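The structure under discussion appears below in the form of structure tokens.
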Amino acid sequence: MTPNDVAEKKFYLYVIIPKDNRQVIVNKGILIFQNIGIFGVKTITYENLFRFLSETYNISISCATISPELFVKKIVTKNNIKKMIMVKNHKSTNDTDLYYNGFGSETRIISKLCFSDTIWDKIVSAINIFIKGKANLFEFQNIEYDKLKLLVKIGEKDRTIDLHNLDKLSIIEEIPDYIQDEKGYADFIQLTEYIKSTVDDYLQEMVFRIQ
């Protein structure tokens, strides 16, 4: 290869289109993109799909996380949180206070976490309330925080998640090692069977109708 050559990589895209039923007419589906390391095709696929449907059928689509609650359920677990980063804004209703130091934000970072099941259940409940709206606060040890970020371990990498900005974040599903073929690629048949087996988890949590 010359310096100007681009390495070609295989990527798979799995599309799930739920069927309508008597209770609801479905207008949401799921796209599952394969990433290889830092490389992926999500953005370019979405942009071309958006352009094609808009120009050809006058249909507009949007791509976001299936649901914030599902993101927390799949990614934020008791065993993979490495840090909690909580920010409390200090505000004054007196305009003159803006000219003095002492009003701003306070950041609290907690690491090396170890939760009992009871404490963890309370934290998950507080997180689920927090992610439901931009105005919601995260309560921890009787203190309310305006912002919450979590450093979590996903596979072999650490990732910082802003829990007030989940709409554009993707749920990451690790591919088991046994799916890898002798060339290092995912075996297509085993990969699709694995994805099929995990789809039900997403469908049970997914809201099929855009309000």
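The values are calculated or read from the model by the stated rules, or taken from the named source; none is laboratory data. The shown structure was predicted, so the numbers you read here are calculated from the model rather than taken from an experiment. Note that we place each Cβ from the backbone using ideal geometry, even for glycine, and neighbour counts take in every protein chain shown.
Here the strands (runs of 3 or more DSSP E) wholly within the range 104-177 that include at least 2 residues being touching a residue at least 60 places away in the same chain (Cβ under 8 Å) and surrounded by 16 or more Cβ atoms within 10 Å (Cβ to Cβ) are 147-154.
Going through the range 178-211 one residue at a time, which ones are touching a residue at least 12 places away in the same chain (Cβ under 8 Å) and part of a loop (DSSP other than H, G, I, E, B)? If the condition is that a residue be touching a residue at least 12 places away in the same chain (Cβ under 8 Å) and part of a loop (DSSP other than H, G, I, E, B), then Y185, M206, V207, F208, R209, I210 are the ones that fit.
Take the residues in the range 53-77 that are of a type in the set (V, I, T) and in a loop (DSSP other than H, G, I, E, B); name whichever of them is farthest from M206 (Cα to Cα). Per the stated criteria, the residue is I59. A186 meets the stated requirement of being assigned by TED's automatic domain parsing to the domain that holds D20 and over 30 Å from D20 (Cα atoms). Reported count of residues in the range 1-52, each being closer than 18 Å to V199 by Cα, in a loop (DSSP other than H, G, I, E, B) and among the aromatic types (F, W, Y), is 1. With the condition kept exactly as written, say whether any residue in the range 83-103 is at positive phi and modelled with pLDDT under 90. Scanning the range 83-103, I find at least one residue that is at positive phi and modelled with pLDDT under 90, so the answer is yes. Looking across the range 8-17 at every residue that is surrounded by 10 or more Cβ atoms within 10 Å (Cβ to Cβ) and at pLDDT 85 or above, the one that is nearest to L203 (Cα to Cα) is identified as I16.
Out of the range 18-53, which residues are loosely packed, with under 13 Cβ neighbours inside 10 Å, over 23 Å from F188 (Cβ atoms) and either charged (D, E, K, R) or modelled with pLDDT of 85 or more (or both)? Result: K19, D20, R22, T43, E47, R51, F52.
Look at the range 44-63: where a residue is in contact (Cβ under 8 Å) with a residue 40 or more places away in the chain, no partner that is acidic (D, E) and surrounded by 12 or more Cβ atoms within 10 Å (Cβ to Cβ) sits 6+ places away or on another chain with Cβ atoms under 7 Å.
The listed residues are K82, K88, K74, and the only one of them that is among the charged types (D, E, K, R), touching a Ser or Thr at 6+ places or on another chain (Cβ under 9 Å), closer than 22 Å to K132 by Cα and assigned by TED's automatic domain parsing to the domain that holds L151 turns out to be K88. The condition (being under 20 Å from the mean Cα position of the chain (by Cα), at pLDDT 80 or above and at negative phi) is satisfied by just one residue among D177, D158, D187: D158.
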